[in-house]
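Inspection log for the structure reproduced underneath, given as structure tokens.
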Amino acid sequence: MNHADKNRTGELARNVAVALRFKKSQGTKDMPQVEKEVLAHNYDRVRGGNFHLAGNARDQGSPHPGMYLRTAFPDRVDVIEQVIADGDRVGLLFRVTATHTGNFFGIPPTGRRVDVYEVAMLRIVNGQMVEGWFMMDEAELLRQLGAKVPPRKDGQTVAPPLPVAGEDVDAIVQRLSSTPPVSQRDRNKLIAARSRSSVPSKEDRAADFRQQRFGFQHLRDYGKLHGLGELTLDTAFPDRSDKIEVLMAEGDQVWMRFNTSGTHRGNLYGLAPTGRRVGVPVVAIMHFADGKWKDTWTFADELGLLLQLGVPNLLLG
């Protein structure tokens, strides 16, 4: 487990302890008691990890996969890889590993092993969680299961609404630039925000900058596999713009959650322009060294995008 700051103290350390206690208790005999203690009475689960599969299975009569999916994946083990804390927020990046032996939102048991990423952003106030936001790599989960989004009785698919939250990136950059940064964390936040602005600076990147994972990595891989090249989303969505919802910094890391939106006006890995307006959340985990942006690992809601474009099973060929 990699902590953005292994030596954090005070409220940040206490918030991380609460988040990890909650996460590690899931699926254990201690879970009911832990939840009573760490979840505030007004706890708001803003978004669940399997947001789209759950939404498409609603009112379809399929068995519920159980608390934390453990009826569908009874041997589930979550491997926490990275932890960050800033203010009243804690971010967790973890891998969900399990065997699919029960009905999963309408997908019959496949017996397959899965290993997919999920990110959580939690708000903790006075030692209790008041808000939880989760996003699992549902596109990769379906690929590993070899399963399509289960068809609904009405023949439709449920696409997510366009995001409305978030602040204009250029406005954030202007605000962060209006006063001299007082710490390296502040400077890192400014560089992170500027990377999504209308005028990103190449000087912010280290000479050996690495893109460890692209936000729409599965679409890129699909394009390579089918000889469709490595088109950028800026080509398919020329009016693409971002709005930042969360900006966290600790140690040499910045975590940024933003919504990216645009109109599908160009070819997207073989998918002809649909003219549809789309928008999905993206989480970027950025590392810095010597005041420069060193690398980034990005994770987008690819299944949400495919649902909005009307091709939820595109990556399954």
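The values are calculated or read from the model by the stated rules, or taken from the named source; none is laboratory data. Quick caveat: nothing in here was measured; it's all calculated off a predicted structure. Here Cβ is always computed from backbone atoms with ideal geometry, including for glycine, and neighbour counts include all displayed protein chains. Surface accessibility is based on the protein's heavy atoms, side chains included, excluding ligands, DNA and RNA. Shrake-Rupley method; radii C 1.70, N 1.55, O 1.52, S 1.80 Å.
With the convex hull of the Cα atoms taken as the outline of region 20-72, the averaged projected area works out to 4.5 nm². Remark: region 8-117 projects, on average over all directions, an area of 7.9 nm² (convex hull of Cα atoms). Heavy-atom surface analysis with a 1.4 Å probe gives region 67-200 a carbon and sulfur content of 53 percent of its accessible area.
Principal axis analysis of the Cα atoms in region 161-231 yields extents of 49, 38, 19 Å, listed in decreasing size.
Would you be so kind as to identify all helices of the chain, as entire DSSP H runs, whose Cα atoms reach 27 Å or more along the helix's own axis and whose mean Kyte-Doolittle hydropathy is at least 1.6? Answer set is empty.
What dipole magnitude, in Debye to the nearest 20, does the chain give about its Cα centre under +1 on Lys/Arg Cβ and -1 on Asp/Glu Cβ? If you can, show how the numbers build up before the last one.
Values: 42 positive and 38 negative charges, 86 e Å.
Computed about the Cα centre, the dipole is about 420 debye.
Note on the chain: with a GNM built from Cα contacts shorter than 10 Å, the maximum mean-square fluctuation among E250, E140, E11 falls on E11.
The alpha-carbon atoms of the chain define a convex hull whose volume equals 147 cubic angstrom per residue.
Across A57, A120, A207, mean-square fluctuation computed from a Gaussian network of the chain (C-alpha pairs under 10 Å connected) peaks at A207.
Would you calculate a helix-derived [θ] at 222 nm for the chain, using -39,500 (n - 2.57) for each DSSP H run of n ≥ 4 and dividing by the full residue count, to the nearest 500?
Values: 9 runs with 80 residues, N = 317.
Calculated from helices alone, the mean residue ellipticity at 222 nm is -7000 deg cm²/dmol.
Over all projection directions, the Cα-based convex hull of region 194-317 averages an area of 7.8 nm². Positive-end ranking of G48, V116, L142 along the dipole of the chain, with charges on Cβ about the Cα centre, is headed by L142.
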